[in-house]
Amino acid sequence: MSLQYALLNDTSWQSQTDWQTPDTPFMSFAFWQALADTGAIGEQAGWLPIFILVHRVDDDAEDTALHPVAVMPVFIKGHHRGEFVFDHSWAEAYARYGVDYYPRLVTSVPYTPITGQRLWLAKGETLTTDIIKAAIAGVDDIAQQVGASSWHGLFVTPELATIATASMPNDIEIAHLLAVQDNGLESPALDMPILERQGCQFLWQNKDLLQDCQPFADFEAFLATLKAKKRKTIRAERRKVAEQGIICQRKCGDAITDEDWKAFYHCYVMTYAVRGQQPYLTIDFFMILAATMSEHLMLAQALDGSGEIIASSLFLYDDRHSENATLYGRYWGALGEYDSLHFELCYYQGIEFAIEQGLIYFDPGTQGEHKLVRGFIPTKTHSIHRIYDPRFVPAIASFCAQDREHMAQYRQQAFEALPFNADNMPDFDTNT
């Protein structure tokens, strides 16, 4: 059997076989349907999707039977919004040379900087080099058809980054081929490499090193792993919230009412309004999530003395029995400025919930040394990039290599700044 690909503009492939449960709620069909139904993706949003269906072909069968293996989404984009891995400097370089950088192709979960799978796999399948090669061939086909400058796979798993970069020529091979071409000599067909960038996010781990890495018993058990000064700071921040007469509570799934959703969205919109922007997502998007995947939703609320909701933070989370079960902090907003409330609603409520539910990790989102000092561990992120104009490959490959070195140094420095007691310091792993 051989692997081939087909390009599809719709989701008819979903009914062609049984698919594995994705590794995060953000790759669930329900989440993507909510994006599509509310216009968050589509031509008007500037996220035009094409699905690359990789199928196994039984060449010996009389009817050349097709067996779906995997699907990878690709978006045709004319902007960078909602991506969180920035290539603005690459676009500027293209512009200086009078070359179009747009359209460009992107594989990601829109508006969601969460590491995870970027292919849906059929049941019984595992990610292989052959599957990746077939998917990349589909990407190349799309790029040729629309004249795309590049393809970007964002927040991919380490496994996908490793397979993809190993399946294509490396930086040294490309540099040699380009040098041969520049000297006017014959060279083999030039296949562009897949370049890797690395970043850093901060991940809380539900592991008590003094208790054989068992989950924490409660929030106080977590605090006990921190240096005295940091414990004091966190307790002071939580006390400031209470002293303002604010009460925090959490609701899950069907317990979240329509009124709760309206109050949440009012808060969510305010985070954009203060910057003079419109939100990416609509109230209908969140209402669809409530109707189709409520078992993955937790809403933390802050109420003032009169019982009015003044801030909300929405989390998604994995089934507690799944491998690497994680809580994801995603959407936050407040109606005003309140001392330490962001820390309480976005971090401490999340930590408490992860402990209560027995979740292994808590991913609070992008950015921030302010997460580091609250016990969130620096963790490597990966993105992969394919540049189709060979004139730009050496410079961008050099940029990616230097960027990886810089991020490795940053992670090391961030790790050394962790607030844990010596007995509770995790080992620094260059692979994470």
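The values are calculated or read from the model by the stated rules, or taken from the named source; none is laboratory data. From a predicted model like this one, the values you see are computed outputs, not experimental measurements. Because the Cβ atoms are built from the backbone with ideal geometry, glycine has one as well, and the counts that use them run over all protein chains shown.
Say we look at the stretch 295-334 and pick out the residues that are part of a strand (DSSP E or B) and free of Cβ contacts under 8 Å to residues at least 40 places away in the same chain; which of these is nearest to Q205 (Cα to Cα)? Before the answer, list the steps.
From the stretch 295-334, those part of a strand (DSSP E or B) are 297-303, 309-317, 326-334; that's our starting set.
After this cut, where a residue has to be free of Cβ contacts under 8 Å to residues at least 40 places away in the same chain as well, the list is 313, 315, 327, 329.
Working: S313: 20, F315: 16, L327: 10, G329: 14 Å.
Restricting to residues being part of a strand (DSSP E or B) and free of Cβ contacts under 8 Å to residues at least 40 places away in the same chain, the top hit is L327.
What number of residues within the stretch 90-100 are loosely packed, with under 10 Cβ neighbours inside 10 Å and either not assigned by TED's automatic domain parsing to the domain that holds D389 or not in a loop (DSSP other than H, G, I, E, B) (or both)?
Count: 1.
From A422, A417, A401, grab the single residue that is surrounded by fewer than 18 Cβ atoms within 10 Å (Cβ to Cβ), on the phi < 0 side of the Ramachandran plot, among the small types (G, A, S) and without any contact (Cβ under 8 Å) to a residue 40 or more places away in the chain. If you could, list the steps in order and put the result at the bottom.
Numbers: A417 fails: without any contact (Cβ under 8 Å) to a residue 40 or more places away in the chain; A401 fails: without any contact (Cβ under 8 Å) to a residue 40 or more places away in the chain.
Going through A422, A417, A401 in turn, just one is surrounded by fewer than 18 Cβ atoms within 10 Å (Cβ to Cβ), on the phi < 0 side of the Ramachandran plot, among the small types (G, A, S) and without any contact (Cβ under 8 Å) to a residue 40 or more places away in the chain: A422.
Just checking, which of D23, D59 is within 21 Å of I163 (Cβ to Cβ) and among the acidic types (D, E)? Steps first, please.
Numbers: D59 fails: within 21 Å of I163 (Cβ to Cβ).
It is D23.
Looking at P73, P68, which is the one that is touching a residue at least 24 places away in the same chain (Cβ under 8 Å) and in contact with a His (Cβ under 6 Å, 6 or more places away or on another chain)? It would help to see each step written out before you state the result.
Values: P73 fails: in contact with a His (Cβ under 6 Å, 6 or more places away or on another chain).
None of the other options fit; the residue is P68.
Run down A34, A30 and say which single residue is within 20 Å of the chain's Cα centre (by Cα), crowded, with 16+ Cβ neighbours inside 10 Å and not hydroxyl-bearing (S, T, Y).
Working: A30 fails: crowded, with 16+ Cβ neighbours inside 10 Å.
One residue alone meets the criteria, A34.
Quick one: in the stretch 84-114, of everything that is among the polar types (S, T, N, Q) and touching a Leu at 6+ places or on another chain (Cβ under 8 Å), which residue is nearest to V146 (Cα to Cα)?
Residue satisfying both the conditions and the ranking: T107.
Of everything in the stretch 372-395 that's crowded, with 21+ Cβ neighbours inside 10 Å and either assigned to a helix (DSSP H, G or I) or of a type in the set (V, I, T) (or both), which residue is farthest from the chain's Cα centre (by Cα)?
V393
Given the condition among the hydroxyl-bearing types (S, T, Y), in a helix (DSSP H, G or I) and closer than 20 Å to P364 by Cβ, answer yes or no: does some residue in the stretch 253-269 qualify? Break it down stepwise before answering.
Our first condition is that a residue be among the hydroxyl-bearing types (S, T, Y); within the stretch 253-269, this holds for 257, 265, 268.
Now narrow it down to the ones that are in a helix (DSSP H, G or I): 265, 268.
Those left that are additionally closer than 20 Å to P364 by Cβ: 268.
Within the stretch 253-269, one or more residues are among the hydroxyl-bearing types (S, T, Y), in a helix (DSSP H, G or I) and closer than 20 Å to P364 by Cβ.
Can you name every residue in the stretch 415-428 that is among the small types (G, A, S) and either at pLDDT 95 or above or part of a loop (DSSP other than H, G, I, E, B) (or both)? Can you show your working first?
Filtering the stretch 415-428 for residues among the small types (G, A, S) gives 417, 422.
Answer for the stretch 415-428, where residues must be among the small types (G, A, S) and either at pLDDT 95 or above or part of a loop (DSSP other than H, G, I, E, B) (or both): just A417.
How about the stretch 1-53: which of its residues are in contact (Cβ under 8 Å) with a residue 12 or more places away in the chain, in a strand (DSSP E or B) and within 27 Å of L297 (Cβ to Cβ)?
Across the stretch 1-53, the qualifying residues are W19, W47, P49, F51.
Can you spot a residue in the stretch 6-13 that is crowded, with 20+ Cβ neighbours inside 10 Å, in contact with a helix residue (DSSP H, G or I) (Cβ under 8 Å, 6 or more places away or on another chain) and at pLDDT 95 or above?
The answer is no, given that none of the residues of the stretch 6-13 is crowded, with 20+ Cβ neighbours inside 10 Å, in contact with a helix residue (DSSP H, G or I) (Cβ under 8 Å, 6 or more places away or on another chain) and at pLDDT 95 or above.
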